[in-house]
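First comes the structure, then the notes that go with it.
The values are calculated or read from the model by the stated rules, or taken from the named source; none is laboratory data. Since this is a predicted model, take the numbers as computed values, not measurements. Don't worry about glycine lacking a Cβ; one is built from the backbone with ideal geometry, like all the others, and counts go over all protein chains shown. Keep in mind that these areas ignore ligands, DNA and RNA; they rest on the heavy atoms of the full protein, side chains included. Shrake-Rupley method; radii C 1.70, N 1.55, O 1.52, S 1.80 Å.
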Amino acid sequence: MDKNNSKAWLYLLPAMIFLGVFMIYPLFDVIIYSVEEGYNFASQTYFGIGDYNFAYVLRDTYFLQALKNTFILVIITVPLSTGIALLISVGINSITKLRDFYQTVFFLPYVTNTLAVGLVFMILFKKTPYSDGFVNLLITSLGGTAVDFIDGPYWAKMFVMCFYTVWVVLPFKILILTSALASVNPDYYKAARVDGTSKLRIFTRITLPMISPMIFYLVITGFIGAFKAYSDVVAIFGTNLNAAGMNTIVGYVYDMLYGDSGGYPSFAAAAALILFAIVLTITCINLLISDKNTHYA
Amino acid sequence: MKIVLQNLTKRYPNRNKKIKEDVIAVNNFSFEIPDGQLIGLLGPSGCGKSTTLNMICGLEKPTSGKIFFGDDDVTDLPPENRGVGMVFQSYALYPHLTVLQNIMFPMENLKGKDKMTKEAMRARAEEAARMVQIDQLLERKPSELSGGQQQRVAIARALVKVPRVLLLDEPLSNLDARLRLQTREEIRRIQRETGVTTVFVTHDQEEAMSISDLIVVMEAGVVQQIAKPQLVYEDPINLFVAKFLGTPPINVFEGEVKGGVVYIGEDAVMKAEPDSSWKEGAPGAAPGVALKDGRVTIGIRPEGFDPEKDGELRCGLTAVEVMGRDTSIVATNAHAANGSIRTIVSTEELSEVSGETVNFRIKPSRIYLFDHETGARVRCRFTPLR
Ligand SMILES: Nc1ncnc2c1ncn2[C@@H]1O[C@H](COP(=O)(O)OP(=O)(O)O)[C@@H](O)[C@H]1O
Ligand SMILES: [Mg+2]
């Protein structure tokens, strides 16, 4: 190894140490936990090595519920939030007056604390002895019947959760997309106008391809983020998510470790690895698709 | 197709919001561009060239004034209905499309009875590509092409719909010097072949001189002079035009006219008498002012100096530079605009030059007088003192 090379490794060392201690080591630790059957926290002993933990988790109805919830959340919110963000960004980009103002408005949720936003959603949706919540007031005033969004039917709870997730992730996506749109060289649009290109065609044939790397970036990070949903759900539905039937995979992992019925690091590790495998697979598929369809300038 | 610009004016609200006053990007521009000619729109950066071009194109609406293509008033037409092709400084080739797709893009927008089949579009695109000699590169992406090739693709795309008018906004400024020379010949050839009326914007006077049929010199939104390239150089209308054209630039002196003699400092360099064939303000007469005694600004082209032992203009010798076929004498004179002058002389004349000082005779055909305040050309005839 020549001198330059060893120098490079020296510079990399701090980052490598951090990555090793906080990323690589825990990952291996989780893998080890996940295959130790009947692990006992107190005595730090286990019976044997095997796939029992995975089998247990995959049969656990709470886990299956969490899996279903997470998938619904991902499938609904990722396309929806990206699409809405794109619409709003195009809107913001096409106005000249008050652009900064709108940008700030749409960015507010990003700088607001998750739990505070969750509280606002409670006020909007929750039934209390004193009021039915703002949304129910709207529904009844339009002639519908009030729905309990927090403790009521599954679809209502899911609706609130998706609504909330979309709303929370919008600002970041709008920020990314407005800057992507603004960085497209205006000469492309001028050239298109000289050729009499319709607005729709300009959008689909020029704008979209130009910002496609950013869209794919948002989709991939959106998938990963939605798969890891947890704190938002707690903010709305409280900590007893299994009882509410609104648990997520990360919530399940947490409960297995620290929840009322917790103390099972092996089950938690197995669930965490299943999540890891899902996210890895989806990200790989995303990258494959994006490689074929994305133009990188 | 001739293009007529009638009192074309464009005002923009100032970008600096604190300044209420509008920016006048183009001020009362009137001109008739003859059919099939290549017009060089020349001026320093920010003088309103792009704005003028964009108004001809239809990308910008004039604040006032009218534009005609032939006899059609196109002032209120959108660009796609004017039949213009435009080449941008950045080329604006769509990076995600191949060369062929880029050239076909304008035709794919055609609607109704103009709609073309895929095969027809392809054939036309290939024809355009052949004309600019990029028919080997049709399947490549723009990022896989050199700057010069990208430029050709942009020209092919602008020409593919057979426009009535071709507009080029600083098309060569992103190319290196050698390619720039080559590509401007190419543009000239294509323009000749197609006979399309062309407006070529540039801030490079050499470029404009070399390819234009007519040059329009602009400054601060105002047209200064419209003439054939050689005439703009030999008969500049004012000090700005004289200074803007020519490399090396014209040498400018502060001087004086006393009793029909032009002085630079103490040195009497030339006899000047009023031009009898010219009358100020007469119809058809070239713009300018009449000769009178007093301070003047004197411009002398670099090739207007003959080094001679008993030359009238006395200067200090700084350096003799031989650059290829040109030889330059760099000299100092207290009355020159920045204290120093640069001349171009033939090598034979160099035998006269040595020591600390150099004296020059001035050629009457290369000296110009300008009004000391306005820079307007002083119309007069020169004769040597001896
Ligand atoms: N959209 C605009 N808003 C305000 N001022 C503008 C705008 N476009 C151009 N200008 C101003 O008009 C003048 C002429 O610009 P331009 O035509 O681009 O010059 P050139 O192409 O000769 O460099 C400049 O002073 C420029 O700042
Ligand atoms: Mg310009």
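Given the options B:76, B:213, B:235, state which has the largest fluctuation in a GNM of chain B using a 10 Å cut-off (strictly under) for Cα springs.
B:76
Please give me the summed charge of the neighbours of residue B:379: other residues whose Cβ is under 10 Å from its Cβ, Lys and Arg +1, Asp and Glu -1. Working shown, then result.
On the way: positive: B:279, B:377, B:381; negative: B:275, B:280.
Once all neighbours under 10 Å are counted, the net charge is +1.
If you take every DSSP beta bridge fully contained in region B:3-234, what fraction is antiparallel? Give it as a percent rounded to 5.
Numbers: 19 of 37 bridges.
Expressed as a percentage, antiparallel bridges in region B:3-234 total about 50.
Calculate the mean, over all residues of peptide B:102-115, of how many other protein chain Cβ atoms lie within 10 angstrom of the residue's Cβ.
Mean shielding by partner chains, rounded to a whole number: 2.
Looking only at the protein assembly as shown, where both bridge partners belong to it, what percent of the DSSP beta bridges are antiparallel (to the nearest 5)?
80
Computing the accessible area with a 1.4 Å probe over protein heavy atoms, can you report the carbon and sulfur percentage for chain B?
Here it works out to 48 percent.
Short version: ³J(HN,Hα) in whole Hz for each residue of region A:85-93, in order, from phi by Karplus 6.51 cos²θ - 1.76 cosθ + 1.60 (θ = phi - 60°), x for Gly and Pro, what are they?
Rounded to whole hertz, the list is 4, 5, 4, 5, 5, 4, x, 4, 5.
What shape does chain A have by the C-alpha gyration tensor, where a ≥ b ≥ c are the square roots of the eigenvalues, rounded means a/c under 1.5, and otherwise prolate means a/b greater than b/c and oblate the rest? Could the numbers behind the result be given before it?
On the way: a/c = 2.32, a/b = 1.19, b/c = 1.95.
Oblate, because a/c is 1.5 or more while a/b does not exceed b/c.
Along the positive direction of the dipole of chain B (beta-carbon charges: Lys, Arg +1; Asp, Glu -1; about the Cα centre), which of B:101, B:151, B:249 reaches farthest?
Highest projection toward the positive end goes to B:101.
Along the charge dipole of the protein assembly as shown, which of A:276, B:240, A:18 sits closest to the positive end, that is, farthest toward it, with unit charges on the beta carbon of Lys, Arg, Asp and Glu (+1, +1, -1, -1)?
A:276
Rg(Cα) of region B:1-89 divided by 2.2 N^0.38 Å?
1.12
Give me the distance between the Cα centres of region B:255-331 and region A:39-92, rounded to whole Å.
When both Cα centres are located, 87 Å separates them.
Helix B:99-108: angle to the longest alpha-carbon principal axis of chain B, degrees 0 to 90, nearest 10?
Between the helix axis and the principal axis of chain B, the angle is about 70 degrees.
Among A:185, A:247, A:40, which one moves the most in a GNM of chain A with springs linking Cα atoms closer than 10 Å?
A:185
Provide the three semi-axes, in whole Å and in decreasing order, of the ellipsoid equivalent to the protein assembly as shown as defined by the square roots of 5 times the Cα gyration tensor eigenvalues.
Calculated on Cα positions only, the semi-axes equal 74, 31, 26 Å.
Taking a threshold of 21 Å on the Cα-Cα distance, which of the pairs B:2/B:228; B:113/B:141; A:127/A:173 fall above it?
The pairs that break the limit, which is 21 Å between Cα atoms, are B:113/B:141; A:127/A:173.
Suppose a student asked you for the relative contact order of chain B, using Cα pairs under 8 Å spaced at least 6 residues apart; what percent would you report?
15
Using alpha-carbon pairs under 8 Å, 6+ residues apart, how would you state the relative contact order of chain A in percent?
Numbers: 312 pairs, mean separation 81.8, N = 297.
Reported relative contact order: 28 percent.
Which of A:103, A:44, A:65 ends up with the largest GNM mean-square fluctuation for chain A, with Cα atoms connected below 10 Å?
Checking each option, the largest mean-square fluctuation is seen for A:44.
In degrees, nearest 10, range 0 to 90: what is the angle between the Cα axis of helix B:118-131 and the longest Cα principal axis of chain B?
For B:118-131 against chain B, the angle is about 20 degrees.
For chain B, what is the accessible area per residue in Å², given a 1.4 Å probe and the full set of protein chains?
Ligands and nucleic acids excluded, the figure is 47 Å² per residue.
In whole Å, what is the distance between the alpha-carbon centres of region A:107-180 and region B:116-130?
Centre-to-centre (Cα) distance: 55 Å.
Taking N as the number of residues in region B:3-234, what value does Rg over Cα atoms divided by 2.2 N^0.38 Å take?
1.03
Quick check: with the 1.4 Å probe, what order do A:155, A:167, B:278, A:9 take by accessible area, largest first?
Output order, biggest surface exposure first: A:155, A:9, A:167, B:278.
For chain B, take the longest principal axis of its alpha carbons; what is the angle in degrees between that and the long axis of helix B:177-194, to the nearest 10 within 0 to 90?
60
Between beta-carbons, use under 13 Å as the cut-off and find the net charge around residue A:50, counting Lys and Arg +1, Asp and Glu -1.
Working: positive: none; negative: A:36, A:37, A:51.
My count for the surroundings of residue A:50 gives -3.
Need one number: buried accessible surface between chains B and A, 1.4 Å probe, both sides summed, DNA, RNA and ligands left out, in Å² to 100.
So the total buried area for this chain pair works out to about 1800 Å².
Scaled to the compact-protein estimate 2.2 N^0.38 Å, what is the alpha-carbon radius of gyration of region A:49-163, rounded to two decimal places?
Taking the Cα Rg and dividing by 2.2 N^0.38 Å, one obtains 1.45.
Show which lysines lie in cross-link reach of residue B:111 when reach means a straight Cα distance below 20 angstrom and same-chain residues fewer than eight apart are skipped.
A:190, A:199, B:161
What Kirkwood hydrodynamic radius do you get for region B:239-383 when you take the inverse of the mean 1/r over all pairs of distinct Cα atoms, in Å? The partial results should precede the final answer.
Numbers: mean 1/r = 0.0637 Å⁻¹.
Here the Kirkwood hydrodynamic radius works out to 15.7 Å.
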